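Trainee: The structure that follows is given in the form of structure tokens.
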Amino acid sequence: MARCGCAGGECACSVVAGDGTTVTGSGSISDPFVVSADEASCDTVRTCLSGTDGIEYTPGSGVIRANIQTGCGLTGNGRAATPLAVAVAAWPFPCDLEDNAGEVYCDADGVLRTAPRGMVSFHSFQEVRNYADLPVPAGFDQPGDSFQTDVTNPDPCRPAFLLVEREADVDFVLPAGAGAAYGHGTDEMYFLRNTGTTTINDAHTQTTKVFALAALLGPGASTTVTFDVTLGRGSAGATYNRIQVFIRAMILSL
Amino acid sequence: MLPGAQPIAATRKLYVLYEDGSTGLMETSVEEPRLPKPGRFVSEAEHATRLSELRAGTGVRLAELVAGDEERTRADFDALTGAGLPEATARRLSGYEGAV
């Protein structure tokens, strides 16, 4: 081989074939060495492969297929006949699933989440007012006094249904023959006339009404619940000197 | 604890003097309740002072009414017993309960 540094003017280098190769030629210009790689066989390659998590490998046939192990909430193994799927139950309700079922969400950490939990909370307000023995007006449902409280929906996600309860109690001084009434707005709730011969001091009774607000209260929103305590049918010197009210609310967001 | 049930908020007492002369004693969890008619929040002591005035006024009026009741029922009692009715009957009809 030219310039190979061998002594005696002849090249003593030899080229031999290693594993998987073939060497032909003598190394002369007219017959150069040719090194060829042997074609790889399936039998050879198959022994180099193996299966691991989720992969099933059969060396004899060379078949590679999915065999995913599922945890809670998943079914199937990833094969065409048994695809990987979420494990669900059949819809058991008579109503339409698409119109009524809730959704499942994925959070920023890749954790599955359901709709936010509903809330129930309670609001209570009470006020006692005293007056300087004011005359009970004649007529029906006349202005007495007004009360109010602001109710807030603590749920940041859902609107709330407000169930409201209002109680009132008015203290009357009824001289002999006097009469007086009070009401919740335009609904007279209590009337008493003193048909005796002496004064009744502090005639009163506490009355209650429960109702629901027509409009839902938005997430985090507040509304003012008012209460007008009316007076009426005052006669023969009837007076009032105290009004006590409760305004309570059940706040339901489901 | 019921899931989703919020704890019931603590309430505190607030005292009000309204411009129309009435007093107010609120018990509420609302941080800054709004007044439905002109007035101002005051101390318990200031509220108690005005409440005493109101109650004293009621007491005076009540005393006048009771005195009037006494005078009227006594007159009725005297008229009834003068007409010959027994004392017990006269008391029931007149409502007079005082000494004879």
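The values are calculated or read from the model by the stated rules, or taken from the named source; none is laboratory data. It should be emphasised that the depicted structure is a prediction, and the values quoted were computed from it without experimental measurement. So basically every Cβ, Gly included, is an ideal-geometry build from the backbone, and we count neighbours across all protein chains shown. Please note that ligands, DNA and RNA were not included when accessible areas were found on the heavy atoms of the full protein model with its side chains. Shrake-Rupley method; radii C 1.70, N 1.55, O 1.52, S 1.80 Å.
Trainee: Over all residues in A:40-52, what is the mean tally of Cβ atoms on other chains that come within 10 Å of each residue's Cβ? Each step should come with its number before you reach the end.
Mentor: Numbers: counts 0, 0, 0, 0, 0, 0, 0, 0, 0, 0, 0, 0, 0.
Partner Cβ neighbours, averaged per residue: 0.
Trainee: Could I ask something else about it? Per residue, what accessible area does segment B:8-54 have, given a 1.4 Å probe and all protein chains present, in Å²? Mind dumping the intermediate values first?
Mentor: On the way: 2720 Å² over 47 residues.
Per residue, segment B:8-54 has 58 Å² of solvent-accessible surface.
Trainee: Among A:P143, A:S26, A:L74, pick out the residue whose Cα is farthest towards the positive end of the charge dipole of the protein assembly as shown, where Lys and Arg carry +1 and Asp and Glu carry -1 on C-beta, about the Cα centre.
Mentor: A:P143
Trainee: Across segment A:241-254, in residue order, what do the Karplus-derived ³J(HN,Hα) couplings come to in whole Hz, using 6.51 cos²θ - 1.76 cosθ + 1.60 with θ = phi - 60° and x for Gly and Pro?
Mentor: So the Karplus estimates, Gly and Pro as x, are 9, 7, 10, 10, 10, 10, 10, 10, 9, 9, 10, 10, 10, 10 Hz.
Trainee: Could you list log10 I(q)/I(0) for segment A:155-254 at q = 0.12, 0.14, 0.18, 0.21 Å⁻¹, which the Debye formula gives when each Cα is one point scatterer?
Mentor: -0.50, -0.60, -0.80, -0.96
Trainee: Once you put a point 7 Å from the Cα of A:V45 and another 7 Å from the Cα of A:A115, both along the Cβ direction, what distance in nm separates them?
Mentor: Between A:V45 and A:A115, the simple spin-label model gives 5.4 nm.
Trainee: Can you compute the helix-only [θ] at 222 nm over chain B? Use -39500 (n - 2.57) per DSSP H run of at least 4 residues, normalise by all residues, nearest 500 deg cm²/dmol.
Mentor: On the way: 2 runs with 47 residues, N = 100.
It lands at -16500 deg cm²/dmol.
Trainee: Determine ³J(HN,Hα), in whole Hz, for all residues of segment A:14-30 in sequence, where each value follows from phi through the Karplus function 6.51 cos²θ - 1.76 cosθ + 1.60 and θ = phi - 60°; x replaces Gly and Pro.
Mentor: So the Karplus estimates, Gly and Pro as x, are 10, 10, 10, 7, x, 4, x, 10, 9, 10, 10, x, 10, x, 7, 5, 7 Hz.
Trainee: Taking N as the number of residues in segment A:185-228, what value does Rg over Cα atoms divided by 2.2 N^0.38 Å take? Show your work: numbers first, answer last.
Mentor: Values: Rg = 18.0 Å, N = 44, 2.2 N^0.38 = 9.3 Å.
It is 1.94.
Trainee: Still on this structure: What average number of partner chain Cβ atoms lie no more than 10 Å from the Cβ of the residues making up B:61-68? Mind dumping the intermediate values first?
Mentor: Numbers: counts 9, 8, 0, 2, 11, 4, 0, 4.
Averaged over the peptide's residues, the number is 5.
Trainee: Then there's this: How fast does segment B:14-66 diffuse by Stokes-Einstein, in µm²/s, taking the Kirkwood radius from C-alpha pairs at 25 °C and 0.890 mPa s? Walk me through the intermediate numbers first.
Mentor: Values: Rh = 12.3 Å.
Using the Kirkwood radius from Cα pairs, D works out to 200 µm²/s.
Trainee: Another question about this same structure. With a 1.4 Å probe, how much accessible area is buried between chains A and B, both sides summed, in Å² to the nearest hundred? Mind dumping the intermediate values first?
Mentor: Details: alone 16270 and 7580 Å², together 21170 Å².
The buried area between A and B, both sides summed, comes to about 2700 Å².
Trainee: In a Gaussian network model over chain B where Cα atoms closer than 10 Å are linked, find which of B:R72, B:R55, B:R34 has the largest mean-square fluctuation.
Mentor: B:R34
Trainee: What residues in segment B:30-60 lose 40 Å² or more of accessible surface when the other protein chains are added to their chain alone (1.4 Å probe)?
Mentor: SASA drop of 40 Å² or more in segment B:30-60: B:V30, B:R34, B:P36, B:K37, B:L54, B:T58.
Trainee: For chain A, with every protein chain kept in place, what is the accessible area per residue (1.4 Å probe, Å²)?
Mentor: Accessible area per residue: 59 Å².
Trainee: Something else now. Of the accessible area of segment A:28-150, with the probe set at 1.4 angstrom, what percent is carbon plus sulfur?
Mentor: 58 percent
Trainee: Something else now. Of all GluC sites (Glu not before Pro) in chain B, which ones are in loop regions per DSSP and have a Cβ with at most 14 other Cβ atoms within 10 Å? Each step should come with its number before you reach the end.
Mentor: On the way: sites: B:E19, B:E27, B:E31, B:E44, B:E46, B:E53, B:E64, B:E70, B:E71, B:E87, B:E97; in loops: B:E19, B:E31, B:E97.
Qualifying residues, ordered by number: B:E19, B:E31, B:E97.
Trainee: Which value, in debye to the nearest 20, describes the size of the charge dipole of chain A about its Cα centre when Lys and Arg Cβ atoms bear +1, Asp and Glu Cβ atoms bear -1, and nothing else is charged? Each step should come with its number before you reach the end.
Mentor: On the way: 14 positive and 28 negative charges, 98 e Å.
Computed about the Cα centre, the dipole is about 480 debye.
Trainee: How large is the charge dipole for segment B:1-74, taken about the Cα centre, if only the Cβ atoms of Lys, Arg (+1) and Asp, Glu (-1) carry charge, to the nearest 20 debye? Please report the intermediate quantities before stating the final value.
Mentor: On the way: 10 positive and 12 negative charges, 25 e Å.
My answer is approximately 120 debye.
Trainee: Right, next: Please report, to one decimal in angstroms, the Kirkwood hydrodynamic radius of segment A:43-143 built from all distinct Cα-Cα pairs. Present the calculation step by step, with values, prior to reporting the outcome.
Mentor: Details: mean 1/r = 0.0461 Å⁻¹.
This gives a value of 21.7 Å.
Trainee: Sticking with this one: Please find, in a Gaussian network model of chain A (springs between Cα atoms separated by less than 10 Å), the residue of A:A89, A:A221, A:A12 whose mean-square fluctuation is greatest.
Mentor: Maximum among the listed residues: A:A12.
Trainee: Hey, another quick one. Which residues belonging to segment A:169-200 lose at least 10 Å² of 1.4 Å-probe accessible area when the assembly is complete, relative to their chain isolated?
Mentor: Listed in order, they are A:V173, A:P175, A:A176, A:T197, A:T198, A:T199.
Trainee: Okay, moving on. Quickly estimate the mean residue ellipticity at 222 nm for chain A, helices only: each DSSP H run with n ≥ 4 gives -39500 (n - 2.57), and the total goes over all residues, rounded to 500.
Mentor: Working: 2 runs with 9 residues, N = 254.
About -500 deg cm²/dmol.
Trainee: Pop a pseudo-label 7 angstrom from the Cα along the beta-carbon direction at both B:F41 and B:Q6 and give the gap in nm to one decimal.
Mentor: That separation, rounded to one decimal, is 2.0 nm.
Trainee: Turning to a different aspect of this structure: Which value, in debye to the nearest 20, gives the size of the charge dipole of segment A:5-136 about its Cα centre, when Lys and Arg are +1 and Asp and Glu are -1 at the Cβ? It would help to have the intermediate numbers written out before the result.
Mentor: Details: 6 positive and 16 negative charges, 70 e Å.
So the magnitude is around 340 debye.
Trainee: Highest mean first, what order results for A:97-104, A:135-142 on Cβ atoms within 10 Å? Can you show the working numbers first?
Mentor: On the way: A:97-104: 8.4, A:135-142: 15.9.
Final packing ranking: A:135-142, A:97-104.
Trainee: Given the protein chains as shown and a 1.4 Å probe, how many square angstrom of A:Y131 are accessible, to the nearest 10?
Mentor: 10 Å²
Trainee: If packing is taken as the mean number of other Cβ atoms within 10 Å per residue, what is the order of A:119-126, A:156-163, A:212-219, highest first? List each step's numbers first, then the result.
Mentor: Numbers: A:119-126: 19.5, A:156-163: 17.2, A:212-219: 13.9.
Averaged packing, sorted descending, gives the order A:119-126, A:156-163, A:212-219.
Trainee: Considering Cα pairs under 8 angstrom that are at least six residues apart, work out the relative contact order of segment A:101-254 and quote it in whole percent.
Mentor: On the way: 406 pairs, mean separation 65.0, N = 154.
It comes to 42 percent, rounded to a whole number.
Trainee: Taking all protein chains in place and a 1.4 Å probe, what share, in percent, of the accessible surface of chain B do carbon and sulfur account for?
Mentor: Working: 3470 of 6220 Å².
Here it works out to 56 percent.
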